[in-house]
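Data first, discussion second: the structure below is written as structure tokens.
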Amino acid sequence: MGDSDWTTIINSAESITSSYTTPPNLNECTLEYVQIDERSTSVTLAFETSVLPSNPPPAWADREYNTVEFFLKFTGVKELQVVGWDFTARDAAVTLTPFGEGVRVSVDGAGSHLAFTAEISLLTRTRPYLSSRGSD
């Protein structure tokens, strides 16, 4: 699987695939946010990238931005494993692999490991914004 093929695993990834000729590689994005919600058995991962879309949505036309943030939400989470977690997880390697009808997710960095399987995976939000770090 290619670096940007994660969009073929995620349901409703149209906002990324219609905006980018080549979607950003997850491992070149910064993992900004992880939320584990035991009530709805879900995990949400938020990424930020300074790779800007070649075909931005019309709604972004009047906005100034140098960074794009997108959220991946995984529901029906099982087999959740968390071993250590520290700030360096922002630069962790993220792997999405088809698993039965769902997806297996792993996030691995120095001193950090998160892994789980999920029945459903969705791209729930994409937004542009102006960041002081956006040109890193």
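Key figures
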{"read-out": "Note, ³J(HN,Hα) from phi for the range 72-85, Karplus 6.51, -1.76, 1.60, rounded to Hz, x at Gly and Pro", "value": "10, 10, 10, 10, x, 6, 9, 6, 5, 10, 10, 10, x, 6"}
{"read-out": "Amide hydrogen neighbours beyond the local backbone of Trp85, cut-off 5 Å, H modeled", "value": "none"}
{"read-out": "For the chain, average projected area of the Cα convex hull in nm²", "value": "8.4 nm²"}
{"read-out": "The range 6-60: mean projected area of Cα convex hull, nm²", "value": "4.7 nm²"}
{"read-out": "Estimated dipole of the chain in Debye, rounded to 20 [Cβ of Lys and Arg +1, of Asp and Glu -1, Cα centre]", "value": "220 debye"}
{"read-out": "For the range 54-110, radius of gyration divided by Kirkwood radius, i.e. Rg to Rh on alpha-carbons", "value": "1.09"}
{"read-out": "222 nm mean residue ellipticity, helices alone, for the chain (DSSP H n ≥ 4; -39,500 (n - 2.57); rounded to 500)", "value": "-1000 deg cm²/dmol"}
{"read-out": "Relative contact order, percent, the chain [alpha-carbon distance under 8 Å, six or more residues apart]", "value": "27 percent"}
{"read-out": "Neighbour-limited loop hits for GluC sites (Glu not before Pro), the range 49-136 (at most 16 other Cβ within 10 Å; DSSP other than H, G, I, E, B)", "value": "Glu64, Glu101, Glu119"}
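A short reminder: the numbers here are calculations on the coordinates, not readings from a lab. Remember, predicted model here, so these are calculated numbers, not experimental data. Quick reminder, even Gly has a Cβ in these numbers, built from the backbone with ideal geometry, and neighbours come from all protein chains shown.
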